[in-house]
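Here the structure comes first, spelled out in structure tokens, and everything after it is commentary.
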Amino acid sequence: MRQYTITAVPKRVNKTGYDVVIVGAGLAGLYAAIHLDESLSCAVITKESILSCNSSLAQGGIAAAVDLSDSPEKHLEDTLKAGAGVSDERLARLMVEKGPEEISILEDLGVVFDMDVSGQKYITREGGHRNKRVLHCGGDSTGSHIIEVISARVRARQNVHILEDHFLVDIISNRGENKACGIVTFSKGEYTFMASNNVIIASGGIGGIYRNTTNQKGITADGIAAAMRAGAECRDMEFVQFHPTAFYDVPEGTAPFLISEAVRGEGGILRNPRGEAFMKDRHPMQDLAPRDVVAREIFREMKEHSSQYIYLDISSKSRSFLSERFPFIFKSCLERGIDISRDLITVAPVQHYFMGGIATDEFGRSNIQGLYACGEAACTGVHGANRLASNSLLECLVFSRQSSMHINSTGKNPIPEAGISFSDLPVYEGAVISLEREIQENMQEHCGIIRNEEGLQKALGSVSAVMKKLDGHSLEPPVQTRIQNMAIVAGGIINAALKRKSNAGAHYREDL
């Protein structure tokens, strides 16, 4: 795998420098920016807009042990149990212990959590949680509310520059010293080299390499792939989480919207095409079993009944309760002719979250000096083989702040003078959209909820063929570079799935 994908020498390369460069403007990236010392200059780049991040889609909320009946120890037990024995217990403990503190920080920044009739925080329960510990804002619009508050705070910081519509091309590193030196971006036909001693990858997950995903359209593993090319170690790549209940039958080309697990937390029941509540016989926690369990059982019901979906029934709750508790879901379903207070909701599992990623420690550090990662692009190990519901936003908060605190502690250093070298290779002129679809179809078919070696080998052969077609060519950003990124990460996932010979959490092979 070559280090850089930069195309044949361009006419102009803009050059600039920052103390810190953050790739990604979701919660992890913005929260890292807001906790940097104000003496440090910082650029936050995103290839689209701030509102195009996955964080803005988060419905259920943030898990934290803030209720008197709960504790970080109980939260840890549920996290480790969902992680199927693969989690890093030390870092998972750090995450849950810092949870209540992060909630307080959010409130100090201006985030307002929903309250119950007594004026206390409204706390609910989701799959895999034995206690009520999920806080939310605006009913089922937690992510967008938090992003709105945090982005406004970041924009007010004089030391932070938000650069939208900037595509990450490459991470520039000194292989001899194993040190990050900055990044190259592409925007409006021009390249920019941003020199920096500190690069934080907070670019999100891998959803775009699957045909069906809840992720924003632009989430195509670019940050993870660039880090892999730079020599960053990755881990847990085989663990891809499918959300059990995405709304079925959305317009083609539109990302399915989630029916939050909080719906089941409020009493929603999963039913097969015959109307039978099947989860009561499949797991002690029934409809609130961990996501990997629920997704597999739904998949089996769909296969048994030759159906593309099953049903979620929340008709036990009143229309007024549902429209207030789940305003986005209620409105979105109603627009599609479904009144969830009396009608069954058509749902099916869909790719949702990536537990793997760039291997990091408790401060977000990778194996490359100066290269950090946080949020879904990182693998701290806290999620193990299966992320516990609503732990994703908590992980963003805890470890992005940890990264910033570590950078702050290193002090202000001279921005590196490193240069960049461009490849002198012919530009790839073949069709690329067909390659993108080939990756997505193979990942959906062979590297999904239930896998086997024959299918994984077929997918690996297909992805390897894509890489071979692109190899030896300079790649034009963003489209050609994006497709190479997809192929690199898809290959990493498939190889990890082939190497793991035992089932755990979201990795389930029927041939083992």
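Throughout, read-outs are computed from the coordinates displayed, never taken from laboratory work. Just so we're clear, the structure is a prediction, and the values are computed from it rather than from any experiment. Please note: Cβ atoms are built from the backbone with ideal geometry, for glycine as well, and neighbour counts cover all protein chains shown.
For the pair region 385-432 / region 152-231, the C-alpha centres are spaced 6 Å from each other. Modelled this way, with points 7 Å down the Cα-to-C-beta line, the labels at GLU453 and PHE363 are 4.3 nm from one another.
Site pair ASP116 and ALA465 shows an inter-label distance of 5.7 nm when each label is modelled 7 Å from Cα along Cα→Cβ. Compared with the alpha-carbon gap, the fully stretched path from ASP37 to GLU304 is longer by 90.5 nm at 0.36 nm per residue. Near ILE206, the amide H atoms lying under 5 Å from its own belong to PHE354; only residues 5 or more places off or on other chains count, and H is placed 1.01 Å from N. When you count the other C-beta atoms within 10 angstrom of each residue and take the mean per peptide, 79-91, 204-216, 266-278 line up highest first as 204-216, 79-91, 266-278.
Which lysines does LYS331 reach when only Cα atoms under 17 Å apart count, and residues fewer than 8 places away in its own chain are ignored? By straight Cα distance, LYS331 reaches LYS317. Recomputing mean projected area of the Cα convex hull in nm² from the coordinates shown identifies the correct label among (1) 39.3; (2) 22.7; (3) 25.7 as (2).
Modelled this way, with points 7 Å down the Cα-to-C-beta line, the labels at ASN413 and GLU101 are 2.5 nm from one another. As a rough guide to protection, the peptides 359-368, 29-38, 194-203, 101-110 ranked by mean Cβ packing within 10 Å, highest first, stand as 194-203, 29-38, 359-368, 101-110. With R₀ set to 51 Å, the beta-carbon distance separating LYS132 from ARG175 gives a calculated FRET efficiency near 0.55. Distance from the C-alpha centroid of region 441-497 to that of region 234-249: 17 Å, rounded to the whole angstrom. Dipole orientation for the chain: of the candidates LEU27, ILE103, ALA490, ALA490 has the Cα lying most toward the positive pole (charges on Cβ; Lys, Arg +1; Asp, Glu -1).
Between region 290-324 and region 64-124, the C-alpha centres lie 26 angstrom from each other.
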